[in-house]
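The next block holds one structure in the form of structure tokens; read it before the comments.
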Amino acid sequence: MSQIVDGFNRQVEYLRLSVTDRCDFRCVYCMSEDPEFLPREQVLSLEELSWVAQAFTELGVKKIRLTGGEPLMRTDCDQLVKLLGKLPGLEDLSMTTNGSRLSKLAKPLHDNGLSRLNISLDTLNPRLFTQLTRNGKLDRVIAGIDAAIAAGFNNIKINAVILRGQNDHEVIDLVNFCRERHLDIAFIEEMPLGVMDERKRSRHCSSAEVRQLIEQHYALVPSSKRTGGPAKYFKMADSHIHIGFISPHSNNFCHECNRVRVTVEGRLLLCLGNENSIDLKAIVRAFPADIERLKTAILSGIKFKPQSHHFDQQGVQILRFMNATGG
């Protein structure tokens, strides 16, 4: 049982650990077109990341997801996977990636102990893909997905953010893409993090609307699948894949939140929709061999985890962008 319990009696067993704020894409819902990235000295080192992860696993965390930015922008990411894969008590080590570098890195990641992949894919139209990512190439991502399948990953999930008037007409195409490759898919409501001009126009598409689009073609029945994350899963009668919906706006899941984030700057972020955080980097660098002090800071900080976020479709509450938060 996890030793990390917040003020609302929720057990924290899931850490999302950001390894970089850098990315080779500039997705319209994630960051500005010309972002400012952190200088190297402000970013946790490989050893510091593994030290933070060890502290959490010793406190009962069983699941760690590596995030960014784009984690594979970090050239030592496969070595971090190797280090974390050896942590006692860690049952699930996964990564969220845009897939653009998986053609080369899928096999070493799998061989070093990464168990699952979440790969972002919002459209199958090459021109629209470049528009939504501002510079990405669809063929590289699809090649990366196929490389991950070939490398032996059995637990691959596609993440798709659906925006009204932009890619909502591709919901069924994305479902069929995943059916053909036997991949799960999660449709995610856009989260209002960071100020950007694109968000000023009404583009929010709810999970209920996406589900309605799917059910015009495939009947969905609730699934018992649980991954420790916020998605609610469904199945189709003629396929083994799962379709998930992550609904921070329309179906607040805060009452069962079991996760925290550590940003690339080493801040323990207690809630995606709040700014309160604890500086773990200062402790790691001032007391580099004192894991008990680090664990004490984590346990003290968890008391400030709020009961709920309050995302408002009418405006942006959180000024930090998703790449700085950790996906």
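The values are calculated or read from the model by the stated rules, or taken from the named source; none is laboratory data. These numbers were taken from a predicted model, which means no experiment stands behind them. Glycine also receives a Cβ, built like all others from the backbone with ideal geometry; neighbour counts cover every protein chain displayed. Heavy atoms of the whole protein, side chains included, go into the accessibility calculation; ligands, DNA and RNA do not. Shrake-Rupley method; radii C 1.70, N 1.55, O 1.52, S 1.80 Å.
For this structure, a couple of remarks:
- Total residues in the stretch 99-113, condition over 18 Å from the mean Cα position of the chain (by Cα) and small (Gly, Ala, Ser): 2
- Flag for His249 being within 29 Å of Arg181 (Cα to Cα) and either under 19 Å from the mean Cα position of the chain (by Cα) or modelled with pLDDT under 90 (or both): no
- Among residues of the stretch 114-140 being under 30 Å from Leu87 (Cα atoms) and not hydroxyl-bearing (Ser, Thr, Tyr), the one that is surrounded by the fewest Cβ atoms within 10 Å (Cβ to Cβ) is Arg116.
- In the stretch 18-35 there is at least one residue that is outside any loop (DSSP other than H, G, I, E, B), surrounded by 19 or more Cβ atoms within 10 Å (Cβ to Cβ) and at pLDDT 95 or above.
- Set side by side, the residues Gly144, Gly152, Gly194 differ, and just one is at pLDDT 95 or above and buried (at least 17 other Cβ atoms within 10 Å of the Cβ), which is Gly144.
- Look at the stretch 279-305: where a residue is touching a residue at least 24 places away in the same chain (Cβ under 8 Å) and a partner is open to solvent by 50 Å² or more (accessible area, probe 1.4 Å) and of a type in the set (D, E, K, R), sitting 6+ places away or on another chain with Cβ atoms under 7 Å, you get Leu280/Arg267; Lys281/Glu265; Lys295/Glu58.
- Verdict on Lys225 being under 17 Å from Glu189 (Cα atoms) and modelled with pLDDT of 70 or more: no
- Qualifying residue in the stretch 202-213 (condition: at pLDDT 95 or above, open to solvent by less than 10 Å² (accessible area, probe 1.4 Å) and over 19 Å from the mean Cα position of the chain (by Cα)): yes
- Breaking point among (1) in contact (Cβ under 8 Å) with a residue 12 or more places away in the chain; (2) assigned to a loop (DSSP other than H, G, I, E, B), for Asn9: (1)
- Count of residues meeting criterion [among the small types (Gly, Ala, Ser) and either part of a strand (DSSP E or B) or free of Cβ contacts under 8 Å to residues at least 12 places away in the same chain (or both)] in the stretch 116-168: 2
- When restricted to residues that are in contact with a strand residue (DSSP E or B) (Cβ under 7 Å, 6 or more places away or on another chain) and either over 18 Å from Gln79 (Cα atoms) or not small (Gly, Ala, Ser) (or both), the stretch 5-53 contains 12.
- Only listed residue being out of contact with any helix residue (DSSP H, G or I) (no Cβ under 6 Å at 6 or more places or on another chain), farther than 26 Å from Leu59 by Cβ, open to solvent by 20 Å² or more (accessible area, probe 1.4 Å) and not small (Gly, Ala, Ser), chosen from Asp92, Asp111: Asp111
- Flag for Met73 being open to solvent by 40 Å² or more (accessible area, probe 1.4 Å) and within 19 Å of the chain's Cα centre (by Cα): yes
- Number of the exception - Phe304 against (1) modelled with pLDDT of 95 or more; (2) open to solvent by 20 Å² or more (accessible area, probe 1.4 Å); (3) within 27 Å of Asn9 (Cβ to Cβ): (1)
- Subset of the stretch 272-301 [open to solvent by less than 20 Å² (accessible area, probe 1.4 Å) and either at pLDDT below 70 or under 30 Å from Phe25 (Cα atoms) (or both)]: Gly273, Leu280
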